[in-house]
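Only one structure is covered here, and it is reproduced in the block below.
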Amino acid sequence: MSIKILTLQQKNSIANYKRMGITISILDNGKVEVCQNELINNYILNQEQLKERGKEIFPDAELLPVTHVPEIEKIDAEWIRNKMKEFGIELTDISKQLAIDKKLIALMLNGSEQLNNSLKAALYFYFMTYELNRDFRAAGTDMKKTR
């Protein structure tokens, strides 16, 4: 299927998804790429969910979903310390909840040991969980106030 001209509805849908951190692009080969570049409210979509969004706009197109990938190169000892401070998390918490030796975490935080990409990803999602919990609880508190 070749997509040459977009309808106003398609253009509006693409613009709306862009505001939600999802870009939809028509590639030179006629395929449609549906990419989650940014997490809004930390809501992660899987490949099937991205395809569903693409099918809403281009029902007959071949879709290429691109799931969100954390920017793990930004995760370093300082980032971890900042997150620990933000959420009141101690080394013991991380050690117990992620089953990582407390001494190893301390070595990583002081720069003696390198953080590997798997651990960076685990820490990214670990702290995201705390962020979601905080935001969810805050939203619940706001709803109680309006009742």
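Observations on the structure shown:
- Considering Lys120, Lys103, Lys85, Lys96, the condition of being closer than 23 Å to Gly21 by Cβ and not assigned by TED's automatic domain parsing to the domain that holds Cys35 is satisfied by Lys120 alone.
- Segment 10-31 - residue that is under 21 Å from the mean Cα position of the chain (by Cα) and in a strand (DSSP E or B) and, of those, surrounded by the fewest Cβ atoms within 10 Å (Cβ to Cβ): Ser25
- Tabulated pairs, segment 16-36, first at positive phi, second in a strand (DSSP E or B) and crowded, with 17+ Cβ neighbours inside 10 Å, C-beta under 7 angstrom, 6+ apart or interchain: Gly21/Gln36
- Boolean, Thr7 is closer than 23 Å to Tyr124 by Cα and not hydrophobic (A, V, I, L, M, F, W, C): no
- Only one of Glu56, Glu113 that is surrounded by fewer than 16 Cβ atoms within 10 Å (Cβ to Cβ), over 20 Å from the mean Cα position of the chain (by Cα) and not in a helix (DSSP H, G or I): Glu113
- Applying the criterion of being over 20 Å from Glu113 (Cα atoms) and of a type in the set (Val, Ile, Thr) to the residues of segment 59-79, the residue that is surrounded by the fewest Cβ atoms within 10 Å (Cβ to Cβ) is Val69.
- Any hit, segment 102-109, residues being without any contact (Cβ under 8 Å) to a residue 24 or more places away in the chain, part of a helix (DSSP H, G or I), within 27 Å of Asn37 (Cα to Cα) and of a type outside the set (A, V, I, L, M): no
- Tally, over segment 80-101, of residues that are surrounded by fewer than 17 Cβ atoms within 10 Å (Cβ to Cβ) and part of a helix (DSSP H, G or I): 12
- Residue within segment 39-61 that is at positive phi and of a type outside the set (Ser, Thr, Tyr) present: yes
The values are calculated or read from the model by the stated rules, or taken from the named source; none is laboratory data. Treat the numbers as computed from the prediction; the structure is a model and nothing was measured. For neighbour counting, all protein chains shown are included, and Cβ atoms are generated from backbone atoms with ideal geometry for every residue, glycine included.
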